[in-house]
Amino acid sequence: MTVAVATSLTTEPVFHLIDEHAHPDGASTMLGFWLYLMSDCLIFAILFATYGVLGGNYAAGPAPKDLFDLKLVALNTTMLLMSSITYGFAMLTMEKSQVRATQAWLAITGLFGLAFIGIELTEFAHMIHEGATPQRSAFLSSFFTLVGTHGLHVSFGLVWLVTLMVQVARYGLIEANRRRLMCLSMFWHFLDVVWIGVFTFVYLLGMLR
Amino acid sequence: MTTDSHALHSAAGDHGGHDAHDAASHGSLQSYLIGFGLSVVLTAVPFWLVMTGTITDKQVTALIVLALAAVQIVVHMVYFLHMNTRSENGWTMMALIFTVIMVVIALTGSLWVMHHLNVNMMPMHDMSQVP
(Lines give C-alpha, C1' and ligand atoms only; values in the text may rest on other atoms or scores of the structure.)
Protein backbone atom coordinates (compact mmCIF):
# COMPACT_ATOMS: atom_id res chain seq x y z
CA MET A 1 0.00 0.00 0.00
CA THR A 2 2.66 2.45 1.04
CA VAL A 3 4.78 1.39 -1.93
CA ALA A 4 1.99 2.15 -4.36
CA VAL A 5 1.54 5.61 -2.88
CA ALA A 6 5.25 6.28 -3.09
CA THR A 7 5.43 5.33 -6.78
CA SER A 8 2.39 7.39 -7.64
CA LEU A 9 4.11 10.35 -6.00
CA THR A 10 7.45 9.93 -7.72
CA THR A 11 6.24 9.31 -11.30
CA GLU A 12 4.75 12.44 -12.70
CA PRO A 13 1.34 11.90 -14.22
CA VAL A 14 1.17 12.61 -17.96
CA PHE A 15 -2.11 13.98 -19.20
CA HIS A 16 -1.25 14.64 -22.83
CA LEU A 17 0.56 13.05 -25.70
CA ILE A 18 3.64 14.87 -26.89
CA ASP A 19 2.84 15.35 -30.56
CA GLU A 20 4.78 18.54 -31.15
CA HIS A 21 8.29 17.69 -32.24
CA ALA A 22 11.23 19.95 -32.88
CA HIS A 23 11.42 21.42 -36.37
CA PRO A 24 14.71 22.06 -38.10
CA ASP A 25 15.53 25.75 -38.31
CA GLY A 26 13.54 27.44 -41.07
CA ALA A 27 11.71 24.28 -42.18
CA SER A 28 8.35 26.05 -42.24
CA THR A 29 9.61 29.36 -43.67
CA MET A 30 8.78 28.51 -47.28
CA LEU A 31 5.19 27.51 -46.49
CA GLY A 32 4.77 30.56 -44.28
CA PHE A 33 6.08 32.82 -47.01
CA TRP A 34 3.78 31.19 -49.52
CA LEU A 35 0.83 31.96 -47.22
CA TYR A 36 2.00 35.59 -47.10
CA LEU A 37 2.07 35.67 -50.90
CA MET A 38 -1.46 34.28 -51.01
CA SER A 39 -2.65 37.06 -48.68
CA ASP A 40 -0.85 39.53 -50.93
CA CYS A 41 -2.73 37.96 -53.81
CA LEU A 42 -6.00 38.86 -52.07
CA ILE A 43 -4.88 42.51 -51.79
CA PHE A 44 -4.32 42.58 -55.53
CA ALA A 45 -7.63 40.78 -56.14
CA ILE A 46 -9.47 43.57 -54.31
CA LEU A 47 -7.57 46.23 -56.27
CA PHE A 48 -8.36 44.41 -59.54
CA ALA A 49 -12.04 44.23 -58.54
CA THR A 50 -12.00 47.97 -57.76
CA TYR A 51 -10.45 48.69 -61.12
CA GLY A 52 -12.96 46.39 -62.81
CA VAL A 53 -15.85 48.30 -61.25
CA LEU A 54 -14.48 51.85 -61.69
CA GLY A 55 -12.32 51.38 -64.78
CA GLY A 56 -15.01 52.75 -67.09
CA ASN A 57 -15.83 55.87 -65.08
CA TYR A 58 -13.80 58.50 -66.91
CA ALA A 59 -15.77 61.54 -65.60
CA ALA A 60 -15.41 63.05 -69.08
CA GLY A 61 -11.65 62.81 -68.58
CA PRO A 62 -9.02 60.89 -70.50
CA ALA A 63 -9.74 57.24 -71.37
CA PRO A 64 -7.15 54.43 -71.66
CA LYS A 65 -6.85 55.04 -75.38
CA ASP A 66 -5.75 58.63 -74.79
CA LEU A 67 -3.19 57.70 -72.15
CA PHE A 68 -1.64 54.29 -72.64
CA ASP A 69 1.31 53.64 -74.90
CA LEU A 70 1.34 49.90 -75.55
CA LYS A 71 4.91 49.97 -76.88
CA LEU A 72 6.08 51.28 -73.52
CA VAL A 73 4.01 48.66 -71.69
CA ALA A 74 5.45 45.90 -73.91
CA LEU A 75 8.96 47.16 -73.10
CA ASN A 76 8.09 47.18 -69.40
CA THR A 77 6.70 43.66 -69.59
CA THR A 78 9.91 42.53 -71.28
CA MET A 79 11.97 44.06 -68.46
CA LEU A 80 10.01 42.21 -65.78
CA LEU A 81 10.07 38.93 -67.70
CA MET A 82 13.84 39.24 -68.22
CA SER A 83 14.32 39.94 -64.51
CA SER A 84 12.29 36.81 -63.75
CA ILE A 85 14.50 34.54 -65.85
CA THR A 86 17.73 36.13 -64.58
CA TYR A 87 16.54 35.56 -61.01
CA GLY A 88 15.96 31.94 -62.02
CA PHE A 89 19.60 31.78 -63.19
CA ALA A 90 20.67 33.26 -59.85
CA MET A 91 18.84 30.42 -58.08
CA LEU A 92 20.53 27.83 -60.31
CA THR A 93 24.00 29.23 -59.62
CA MET A 94 23.13 29.43 -55.92
CA GLU A 95 22.41 25.70 -55.91
CA LYS A 96 25.89 25.13 -57.35
CA SER A 97 27.28 27.38 -54.56
CA GLN A 98 28.85 29.81 -57.02
CA VAL A 99 28.87 33.01 -55.01
CA ARG A 100 30.22 35.36 -57.69
CA ALA A 101 27.88 34.09 -60.40
CA THR A 102 24.91 34.33 -58.02
CA GLN A 103 25.83 37.90 -57.16
CA ALA A 104 26.21 38.76 -60.84
CA TRP A 105 22.78 37.35 -61.76
CA LEU A 106 21.21 39.12 -58.76
CA ALA A 107 22.76 42.39 -59.91
CA ILE A 108 21.40 41.89 -63.44
CA THR A 109 17.97 41.10 -61.97
CA GLY A 110 18.18 44.31 -59.95
CA LEU A 111 19.04 46.33 -63.06
CA PHE A 112 16.06 44.92 -64.96
CA GLY A 113 13.83 45.66 -61.95
CA LEU A 114 15.22 49.18 -61.79
CA ALA A 115 14.51 49.63 -65.51
CA PHE A 116 10.94 48.46 -64.93
CA ILE A 117 10.41 50.97 -62.11
CA GLY A 118 12.07 53.72 -64.17
CA ILE A 119 9.82 53.13 -67.17
CA GLU A 120 6.73 52.96 -64.96
CA LEU A 121 7.62 56.21 -63.21
CA THR A 122 8.25 57.87 -66.58
CA GLU A 123 4.80 56.74 -67.70
CA PHE A 124 3.20 58.04 -64.51
CA ALA A 125 5.04 61.36 -64.76
CA HIS A 126 3.93 61.71 -68.38
CA MET A 127 0.30 61.01 -67.44
CA ILE A 128 0.32 63.41 -64.50
CA HIS A 129 1.93 66.06 -66.69
CA GLU A 130 -0.98 65.68 -69.11
CA GLY A 131 -3.41 66.29 -66.26
CA ALA A 132 -4.34 62.61 -65.81
CA THR A 133 -3.77 62.67 -62.07
CA PRO A 134 -5.30 60.17 -59.61
CA GLN A 135 -7.82 62.86 -58.62
CA ARG A 136 -9.09 63.28 -62.19
CA SER A 137 -11.54 60.35 -62.36
CA ALA A 138 -12.48 57.10 -60.66
CA PHE A 139 -10.75 55.26 -63.52
CA LEU A 140 -7.48 57.06 -62.83
CA SER A 141 -7.78 56.65 -59.04
CA SER A 142 -8.18 52.89 -59.36
CA PHE A 143 -5.51 52.72 -62.08
CA PHE A 144 -2.88 54.49 -60.00
CA THR A 145 -3.78 52.45 -56.91
CA LEU A 146 -3.52 49.10 -58.68
CA VAL A 147 -0.45 49.75 -60.83
CA GLY A 148 1.17 51.85 -58.09
CA THR A 149 0.77 49.07 -55.53
CA HIS A 150 2.45 46.65 -57.91
CA GLY A 151 5.25 49.15 -58.53
CA LEU A 152 5.66 49.61 -54.78
CA HIS A 153 6.00 45.84 -54.39
CA VAL A 154 8.71 45.74 -57.05
CA SER A 155 10.49 48.67 -55.35
CA PHE A 156 10.50 46.88 -52.01
CA GLY A 157 11.65 43.74 -53.81
CA LEU A 158 14.62 45.76 -55.09
CA VAL A 159 15.45 46.94 -51.55
CA TRP A 160 15.28 43.32 -50.43
CA LEU A 161 17.47 42.23 -53.35
CA VAL A 162 20.20 44.75 -52.47
CA THR A 163 20.00 43.74 -48.81
CA LEU A 164 20.48 40.09 -49.72
CA MET A 165 23.39 40.92 -52.02
CA VAL A 166 25.10 42.62 -49.08
CA GLN A 167 24.29 39.61 -46.88
CA VAL A 168 25.70 37.17 -49.43
CA ALA A 169 28.82 39.32 -49.86
CA ARG A 170 29.36 39.32 -46.09
CA TYR A 171 28.43 35.82 -45.06
CA GLY A 172 28.44 33.84 -48.29
CA LEU A 173 25.76 31.38 -49.34
CA ILE A 174 25.02 30.09 -45.86
CA GLU A 175 21.84 28.17 -45.13
CA ALA A 176 19.96 31.26 -43.88
CA ASN A 177 20.92 33.28 -46.96
CA ARG A 178 19.81 30.48 -49.28
CA ARG A 179 16.45 30.42 -47.54
CA ARG A 180 16.12 34.21 -47.88
CA LEU A 181 17.05 34.06 -51.54
CA MET A 182 14.39 31.39 -52.12
CA CYS A 183 11.78 33.58 -50.43
CA LEU A 184 12.72 36.53 -52.61
CA SER A 185 12.59 34.20 -55.62
CA MET A 186 8.97 33.38 -54.83
CA PHE A 187 8.20 37.06 -54.21
CA TRP A 188 9.80 38.14 -57.49
CA HIS A 189 8.09 35.50 -59.64
CA PHE A 190 4.81 36.24 -57.87
CA LEU A 191 5.09 39.91 -58.86
CA ASP A 192 5.59 38.82 -62.46
CA VAL A 193 2.37 36.77 -62.21
CA VAL A 194 0.51 39.83 -60.90
CA TRP A 195 1.95 41.89 -63.77
CA ILE A 196 0.39 39.44 -66.25
CA GLY A 197 -2.96 40.40 -64.74
CA VAL A 198 -2.09 44.10 -64.88
CA PHE A 199 -1.02 44.25 -68.51
CA THR A 200 -3.96 42.08 -69.57
CA PHE A 201 -6.80 43.69 -67.59
CA VAL A 202 -5.59 47.26 -67.41
CA TYR A 203 -3.60 47.90 -70.57
CA LEU A 204 -4.70 45.42 -73.26
CA LEU A 205 -8.39 45.28 -72.33
CA GLY A 206 -8.29 49.04 -71.64
CA MET A 207 -7.21 49.66 -75.23
CA LEU A 208 -10.03 47.42 -76.47
CA ARG A 209 -12.68 49.17 -74.40
CA MET B 1 9.81 9.35 -21.31
CA THR B 2 13.29 10.26 -22.48
CA THR B 3 13.44 7.40 -24.92
CA ASP B 4 10.08 8.53 -26.23
CA SER B 5 11.24 12.06 -26.88
CA HIS B 6 14.38 10.69 -28.52
CA ALA B 7 12.28 8.64 -30.86
CA LEU B 8 10.23 11.73 -31.60
CA HIS B 9 13.36 13.76 -32.26
CA SER B 10 14.65 11.23 -34.73
CA ALA B 11 11.23 11.30 -36.36
CA ALA B 12 11.60 15.07 -36.57
CA GLY B 13 14.96 14.58 -38.20
CA ASP B 14 13.40 12.31 -40.77
CA HIS B 15 10.75 14.94 -41.31
CA GLY B 16 13.46 17.52 -41.97
CA GLY B 17 15.16 15.24 -44.45
CA HIS B 18 11.84 14.70 -46.15
CA ASP B 19 11.41 18.46 -46.50
CA ALA B 20 14.73 18.73 -48.30
CA HIS B 21 13.14 17.50 -51.52
CA ASP B 22 11.39 20.87 -51.82
CA ALA B 23 14.73 22.57 -52.22
CA ALA B 24 15.78 19.90 -54.68
CA SER B 25 12.69 20.45 -56.81
CA HIS B 26 13.81 23.96 -57.55
CA GLY B 27 13.85 23.56 -61.28
CA SER B 28 16.60 23.14 -63.79
CA LEU B 29 18.01 25.35 -66.51
CA GLN B 30 15.81 23.53 -68.97
CA SER B 31 12.58 24.18 -67.05
CA TYR B 32 13.43 27.87 -66.66
CA LEU B 33 14.14 28.20 -70.38
CA ILE B 34 10.93 26.37 -71.34
CA GLY B 35 8.97 28.66 -69.02
CA PHE B 36 10.69 31.73 -70.42
CA GLY B 37 10.08 30.69 -74.04
CA LEU B 38 6.39 30.01 -73.39
CA SER B 39 6.05 33.32 -71.52
CA VAL B 40 7.60 35.29 -74.37
CA VAL B 41 5.15 33.76 -76.86
CA LEU B 42 2.18 34.15 -74.52
CA THR B 43 3.08 37.81 -73.94
CA ALA B 44 3.94 38.70 -77.53
CA VAL B 45 0.77 37.25 -79.07
CA PRO B 46 -1.78 39.29 -77.04
CA PHE B 47 0.25 42.50 -77.49
CA TRP B 48 0.46 41.83 -81.21
CA LEU B 49 -3.29 41.12 -81.41
CA VAL B 50 -4.23 44.36 -79.65
CA MET B 51 -1.60 46.61 -81.26
CA THR B 52 -2.29 45.55 -84.82
CA GLY B 53 -6.00 44.84 -84.41
CA THR B 54 -5.70 41.72 -86.55
CA ILE B 55 -9.05 40.44 -85.32
CA THR B 56 -11.63 43.13 -85.96
CA ASP B 57 -14.12 41.76 -83.41
CA LYS B 58 -13.03 43.32 -80.10
CA GLN B 59 -14.96 40.81 -78.01
CA VAL B 60 -13.14 37.88 -79.62
CA THR B 61 -9.78 39.63 -79.16
CA ALA B 62 -10.57 40.26 -75.49
CA LEU B 63 -11.47 36.61 -74.92
CA ILE B 64 -8.28 35.39 -76.62
CA VAL B 65 -6.17 37.86 -74.60
CA LEU B 66 -7.78 36.70 -71.35
CA ALA B 67 -7.31 33.03 -72.22
CA LEU B 68 -3.62 33.59 -73.05
CA ALA B 69 -3.15 35.44 -69.75
CA ALA B 70 -4.69 32.52 -67.85
CA VAL B 71 -2.35 30.09 -69.64
CA GLN B 72 0.65 32.30 -68.91
CA ILE B 73 -0.21 32.47 -65.21
CA VAL B 74 -0.25 28.66 -65.10
CA VAL B 75 3.08 28.56 -66.98
CA HIS B 76 4.64 30.94 -64.43
CA MET B 77 3.23 28.91 -61.54
CA VAL B 78 4.65 25.66 -62.88
CA TYR B 79 8.00 26.70 -64.38
CA PHE B 80 9.02 29.68 -62.21
CA LEU B 81 7.27 29.11 -58.88
CA HIS B 82 7.64 25.29 -59.16
CA MET B 83 4.12 24.62 -57.97
CA ASN B 84 3.19 20.99 -57.58
CA THR B 85 0.82 18.94 -55.48
CA ARG B 86 3.61 17.35 -53.44
CA SER B 87 5.48 20.32 -51.94
CA GLU B 88 4.91 20.79 -48.18
CA ASN B 89 2.59 17.77 -48.20
CA GLY B 90 0.19 19.57 -50.51
CA TRP B 91 -0.34 22.58 -48.23
CA THR B 92 0.96 25.09 -50.77
CA MET B 93 -1.52 23.76 -53.32
CA MET B 94 -4.27 23.84 -50.69
CA ALA B 95 -3.49 27.49 -49.88
CA LEU B 96 -3.43 28.30 -53.60
CA ILE B 97 -6.80 26.66 -54.25
CA PHE B 98 -8.32 28.50 -51.30
CA THR B 99 -6.89 31.81 -52.55
CA VAL B 100 -8.13 31.22 -56.09
CA ILE B 101 -11.64 30.55 -54.75
CA MET B 102 -11.49 33.77 -52.70
CA VAL B 103 -10.22 35.74 -55.69
CA VAL B 104 -12.93 34.38 -57.96
CA ILE B 105 -15.66 35.21 -55.41
CA ALA B 106 -14.27 38.73 -54.84
CA LEU B 107 -13.84 39.50 -58.55
CA THR B 108 -17.01 38.01 -60.01
CA GLY B 109 -19.08 39.13 -57.02
CA SER B 110 -17.91 42.74 -57.25
CA LEU B 111 -18.26 42.95 -61.01
CA TRP B 112 -21.64 41.20 -61.04
CA VAL B 113 -23.20 43.26 -58.24
CA MET B 114 -21.83 46.58 -59.47
CA HIS B 115 -22.86 45.87 -63.04
CA HIS B 116 -26.45 45.24 -61.99
CA LEU B 117 -26.34 48.29 -59.75
CA ASN B 118 -25.31 50.40 -62.73
CA VAL B 119 -27.95 48.86 -65.00
CA ASN B 120 -30.76 49.35 -62.48
CA MET B 121 -29.79 52.88 -61.46
CA MET B 122 -31.88 55.81 -62.57
CA PRO B 123 -30.99 56.76 -66.12
CA MET B 124 -28.17 59.22 -65.86
CA HIS B 125 -27.39 62.01 -68.23
CA ASP B 126 -24.19 61.72 -70.11
CA MET B 127 -21.86 63.75 -67.90
CA SER B 128 -19.85 64.92 -70.89
CA GLN B 129 -22.94 66.83 -72.10
CA VAL B 130 -23.25 68.79 -68.87
CA PRO B 131 -21.95 72.30 -69.35
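The values are calculated or read from the model by the stated rules, or taken from the named source; none is laboratory data. Just so we're clear, the structure is a prediction, and the values are computed from it rather than from any experiment. Cβ sites come from the backbone with ideal geometry, for glycine too, and all protein chains shown count toward neighbours.
Enumerate the pairs (first residue in region B:78-94 and touching a residue at least 60 places away in the same chain (Cβ under 8 Å); second residue anywhere and part of a helix (DSSP H, G or I)) with beta-carbon separation below 6 Å, excluding pairs fewer than 6 apart on the same chain, so at least 6 apart or on different chains.
Filtered contacts from region B:78-94: B:87/B:22; B:88/A:31.
Quick grid of which residues meet (1) closer than 21 Å to residue B:40 by Cβ; (2) small (Gly, Ala, Ser):
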residue: A:133; (1), (2): no, no
residue: A:146; (1), (2): no, no
residue: A:155; (1), (2): no, yes
residue: A:163; (1), (2): no, no
residue: A:186; (1), (2): no, no
residue: A:190; (1), (2): yes, no
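Out of A:116, A:143, A:190, A:199, which single residue is at pLDDT 95 or above and in contact with a Cys (Cβ under 8 Å, 6 or more places away or on another chain)?
Numbers: A:116 fails: in contact with a Cys (Cβ under 8 Å, 6 or more places away or on another chain); A:143 fails: in contact with a Cys (Cβ under 8 Å, 6 or more places away or on another chain); A:199 fails: in contact with a Cys (Cβ under 8 Å, 6 or more places away or on another chain).
Among A:116, A:143, A:190, A:199, only A:190 is at pLDDT 95 or above and in contact with a Cys (Cβ under 8 Å, 6 or more places away or on another chain).
Going by what's in this entry, would residue B:83 be described as at pLDDT below 95 and farther than 17 Å from residue A:88 by Cβ? Let's see the steps before the verdict.
On the way: at pLDDT below 95: yes; farther than 17 Å from residue A:88 by Cβ: no.
So residue B:83 does not fit the description; no.
Does region B:42-56 hold any residues that are loosely packed, with under 13 Cβ neighbours inside 10 Å and more than 10 Å from chain A (Cβ to nearest Cβ), and which are they?
B:52, B:54, B:56, listed by residue number.
Of the residues that make up region A:86-97, is at least one within 13 Å of another protein chain (Cβ to nearest Cβ) and of a type in the set (Phe, Trp, Tyr)?
yes
Those residues that are more than 13 Å from chain B (Cβ to nearest Cβ) and of a type in the set (Gly, Ala, Ser), I need them from region A:169-200; list them, please.
Within region A:169-200, A:169, A:172, A:176 meet the criteria.
Would you check which residues across region A:57-80 are out of contact with any Phe, Trp or Tyr (no Cβ under 7 Å at 6 or more places or on another chain) and under 25 Å from residue A:191 (Cα atoms) and list them? Talk me through it step by step, then tell me what you get.
We begin by selecting, within region A:57-80, every residue out of contact with any Phe, Trp or Tyr (no Cβ under 7 Å at 6 or more places or on another chain); these are A:59-67, A:69, A:71-72, A:75, A:78.
Residues satisfying the conditions are A:64, A:67, A:69, A:71, A:72, A:75, A:78.
List every residue pair whose Cβ atoms lie under 8 Å apart, where the two residues are 6 or more positions apart in sequence or sit on different chains, the first residue falls within region A:92-106 and is under 18 Å from residue B:31 (Cα atoms), and the second residue, located anywhere, is among the aliphatic types (A, V, I, L, M) and part of a helix (DSSP H, G or I).
A:92/B:29; A:93/A:101; A:94/A:181; A:105/A:90
Can you say whether residue A:140 is touching a helix residue (DSSP H, G or I) at 6+ places or on another chain (Cβ under 6 Å) and buried (at least 20 other Cβ atoms within 10 Å of the Cβ), as far as the supplied structure shows? Give the steps one after another, and end with the answer.
Numbers: touching a helix residue (DSSP H, G or I) at 6+ places or on another chain (Cβ under 6 Å): no; buried (at least 20 other Cβ atoms within 10 Å of the Cβ): yes.
When the stated conditions are applied, residue A:140 does not pass them.
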